[in-house]
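Here's the structure, in structure tokens; my notes come after.
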Amino acid sequence: MRTSTEITKRPRGRPRAFIPSEVLDRVYAAFGDKEQLYIATLRFYGARSVEGLEAILGGPGTIEQRLGKVYKAAIDLYTAPPHRPGCMIVGTAAVESPSHPKIAAVANELLAAIEKSLERAFAASVLPKKPSPAARAHMAGAILYAIAIRARLGAKAGDLKAFAASMVPTICA
């Protein structure tokens, strides 16, 4: 029989070291292949982005103020140090879409969700009837994607914020 001093306790929490190949094996087992893992990741971050977009657009302020907040939040995310994570749809999904139709389908679903959120916000705002809320949503989305591209290419956050601020009055006119 062992005494209490002979029994060693296993430390709680994540092991201090892990074996990367074992982690990769488990990830592949969970998702099947790299494409499915990527799609799951794209859906996860895409859903978070749409939730954040809807929270800002559903918040207080004029549509101009709320759209400005959307762009500022995107710029802050896309240019965050140290790695400038950017936008998965623009940064990688668009590149992989021609040879991966499933990725293209998910990316298009996310773009549609983004533009539907924008369209609802424009429809609920006091703006001239033309252009339509859908047309304004397409314009606002296009500026969001341009911001993502420019951020990925290394544009400074201040320059991106100035660009976005110059576009908001045009979209909301």
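Every number in this text was worked out from the coordinates using simple rules, so none of it is lab data. The structure displayed is predicted, hence computed values, not measured ones. Please note: Cβ atoms are built from the backbone with ideal geometry, for glycine as well, and neighbour counts cover all protein chains shown.
For the pair VAL23 and ARG84, a Förster radius of 30 Å applied to the C-beta separation gives a FRET efficiency near 0.75, rounded to the nearest 0.05.
Compare the Cα positions of ALA134, ILE56, ALA107 along the charge dipole of the chain (+1 at Cβ of Lys, Arg; -1 at Cβ of Asp, Glu; about the Cα centre) and return the one farthest towards the positive end. Towards the positive end, the residue furthest out is ILE56.
Here Cα extents along the principal axes in Å was calculated from the structure, and among (1) 49, 37, 28; (2) 84, 39, 31; (3) 94, 41, 26 it sits at label (2).
Once the chain from ALA73 to ALA162 is taken as fully extended at 0.36 nm per residue, the excess over their C-alpha distance is 30.7 nm. Amide hydrogen proximity for ARG84: with H placed 1.01 Å from N in the peptide plane, no residue at 5 or more positions away or on another chain lies under 5 Å.
Sorting TYR78, TYR38, TYR45 by the number of Cβ atoms found within 10 Å of their own Cβ, with the fewest placed first, yields TYR45, TYR38, TYR78. Label reach from ALA30 (point 7 Å along Cα→C-beta): in segment 40-57, amide nitrogens under 11 Å belong to 41.
Taking a span of 18 Å or more along the helix axis (Cα atoms) and a mean Kyte-Doolittle hydropathy of at least -0.5 as the rule, the DSSP H helices of the chain that qualify are 34-57, 63-78, 101-123, 133-152, 157-172.
Between SER125 and GLU96, full extension at 0.36 nm per residue minus the direct alpha carbon distance yields a gain of 6.8 nm.
Using the rule -39500 (n - 2.57) for each DSSP H run of four or more residues, divided by the residues of the chain, the 222 nm mean residue ellipticity is -22000 deg cm²/dmol.
Judged by the mean number of other Cβ atoms found within 10 Å, the most tightly packed of the peptides 24-35, 128-139 leads the ranking 128-139, 24-35. Ordered by the number of other Cβ atoms lying within 10 Å of each residue's own Cβ, fewest first, VAL90, VAL95 fall into the sequence VAL95, VAL90. Non-local lysine pairs in the chain, meaning eight or more places apart or on different chains, with alpha-carbon distances under 15 Å, amount to 4.
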